[in-house]
């Protein structure tokens with residue numbers, strides 16, 4: 001049986017593109033690729049792989065934003081790992097791709113099950129800018145995260161000779177590098193389909209005009225150690241100046257007119273409108289500039305993938321309080337062949353706001369079963385029960401959400417449950433919950449404030 005293929009790379013570094021190429025080339029499969037609005041072609045991540053990495057990192061005292069000092073695991077983790085490496089998906093070897101794998105790499109390398117690994121790397125500043133755009137992460141934090149992940153990649157390459165793809169090179173060079181990395185597998189490859197899976201227009205952000213960012217020089221040195229000093233491909237620059245002007249006008253101006261003008265300018269400079277429109281609509285909603293957001297969506301709807309315009313319209317209408325109209329658009333977004341996960345996530349919220357609580361709960365329960373982080377929707381279900389004065393149900397549901405969460409994500413949930421326990425006159429149970437919250441998430445200060453008020 002052919003080996004599983006493991007994709008090793010940092011977030012926003014082309015890992016999804018590489019995995020999509022491997023899947024299209026009939027080399028391996030991760031199953032259906034869940035689409036997010038920051039990744040229109042899908043992440044190609046098996047939920048069981050991501051959840052296993054989360055569990056191992058949590059067991060080691062870390063998480064995806066913080067590498068543990070030492071990677072530890074249990075026998076149960078090892079059994080799950082080996083089963084995944086031996087799995088067949090759709091008749092093909094398993095395709096295992098999750099950026100967290102770099103931080104948990106000793107765990108995967110400890111397996112006796114043979115697998116093929118292909119690494120991919122991208123300039124740290126391009127990665128950090130992508131994280132800033134989609135996740136609001138400060139550049140310095142993005143660079144530090146890049147360094148932590150790519151130190152692991154460099155060490156693995158030095159020890160195992162891991163094949164490496166430089167995602168900053170041209171389309172032709174990337175395709176050639178992927179084919180070269182796959183050649184030792186000895187498996188038949190649909191080269192035309194593999195090449196077609198690379199879409200240049202979906203490569204956003206770049207490393208041009210580098211600002212002064214803490215840690216960037218060290219990261220660039222590591223990047224050059226990995227790929228050499230070959231110049232990156234000549235791509236159209238991301239319209240950072242126009243996007244920055246948009247955010248500045250939105251932050252400082254009395255209205256949104258100047259911001260919208262800057263947004264329109266940025267949208268004229270990109271082939272993939274979603275790369276600019278999605279973050280801009282999100283920012284406009286936060287500033288309650290709903291009419292401006294609706295206008296921009298209408299202007300560029302024809303440039304968006306199926307379902308994305310309805311998803312964005314639903315998001316704006318829900319923020320405006322027009323829940324009935326939001327439901328219609330979000331349900332339309334979910335009716336396309338491969339709906340975006342965000343649409344399915346927002347439908348329950350819209351249904352509840354539209355006065356359809358039973359349908360909202362059923363919809364959110366389905367989301368929880370399929371979500372990478374099920375504790376989020378489970379906690380929302382608990383909040384709804386509390387609002388509906390079903391206090392016992394709320395406490396039980398929040399306890400379920402806490403169990404589903406990684407340890408570093410439990411502090412807020414435990415604190416919320418403690419507040420409910422105080423309201424139901426059970427201070428002893430609340431104190432126990434708060435002690436656990438402080439232990440698991442010492443950085444969440446509200447836990448200490450609630451405990452101090454209780455003592």
Next on the checklist: Given the condition in a loop (DSSP other than H, G, I, E, B) and in contact with a strand residue (DSSP E or B) (Cβ under 7 Å, 6 or more places away or on another chain), answer yes or no: does some residue in the range 55-71 qualify?
Outcome noted: no
Item to check | Given (1) without any contact (Cβ under 8 Å) to a residue 12 or more places away in the chain; (2) farther than 19 Å from residue 131 by Cα, index of the condition residue 226 fails | outcome: (1)
Checklist outcome for this item: Scanning the range 139-185 residue by residue, the ones that are outside any helix (DSSP H, G or I) and either surrounded by 14 or more Cβ atoms within 10 Å (Cβ to Cβ) or touching a residue at least 12 places away in the same chain (Cβ under 8 Å) (or both) total 9
Checklist entry - For the range 238-274, how many residues are out of contact with any helix residue (DSSP H, G or I) (no Cβ under 7 Å at 6 or more places or on another chain) and either at positive phi or not in a loop (DSSP other than H, G, I, E, B) (or both)? => result 9
Item to check | Which listed residue is over 24 Å from residue 17 (Cβ atoms) and crowded, with 21+ Cβ neighbours inside 10 Å, from 72, 81 | outcome: 81
Checklist entry - Do the conditions hold for residue 30, that is, is it touching a helix residue (DSSP H, G or I) at 6+ places or on another chain (Cβ under 7 Å), crowded, with 24+ Cβ neighbours inside 10 Å and closer than 14 Å to residue 91 by Cα? => result yes
Checklist outcome for this item: Among (1) outside the structural domain of residue 109 (by TED's automatic domain parsing); (2) within 19 Å of residue 102 (Cα to Cα), residue 149 falls short only on (1)
Item to check | Positions within the range 326-349 being assigned to a helix (DSSP H, G or I) and in contact with a strand residue (DSSP E or B) (Cβ under 7 Å, 6 or more places away or on another chain), in sequence order | outcome: 333, 341, 342
Checklist entry - Which of (1) surrounded by 20 or more Cβ atoms within 10 Å (Cβ to Cβ); (2) more than 20 Å from the chain's Cα centre (by Cα) does residue 377 not meet, given it meets every other one? => result (2)
Item to check | Selected residue (only one of 201, 210, 233, 275 is closer than 22 Å to residue 15 by Cβ and in the same structural domain as residue 143 (by TED's automatic domain parsing)) | outcome: 201
Checklist entry - Quick check, is residue 351 closer than 24 Å to residue 309 by Cβ and at pLDDT 95 or above? => result yes
Item to check | Residues of the range 418-441 satisfying the condition of being free of Cβ contacts under 8 Å to residues at least 24 places away in the same chain and either within 31 Å of the chain's Cα centre (by Cα) or not in a helix (DSSP H, G or I) (or both) | outcome: 425, 426, 433, 434, 435, 439
Next on the checklist: Condition (residue is in contact with a strand residue (DSSP E or B) (Cβ under 9 Å, 6 or more places away or on another chain), exposed (fewer than 13 other Cβ atoms within 10 Å of the Cβ), part of a loop (DSSP other than H, G, I, E, B) and touching a residue at least 24 places away in the same chain (Cβ under 8 Å)) applied to the range 186-209: is it met by at least one residue?
Outcome noted: no
Next on the checklist: From the list 409, 417, exactly one residue is under 26 Å from residue 369 (Cβ atoms) and either modelled with pLDDT under 95 or in the same structural domain as residue 59 (by TED's automatic domain parsing) (or both). Which is it?
Outcome noted: 409
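The values are calculated or read from the model by the stated rules, or taken from the named source; none is laboratory data. None of the values given here were measured: they were computed from a predicted structure. Please note: Cβ atoms are built from the backbone with ideal geometry, for glycine as well, and neighbour counts cover all protein chains shown.
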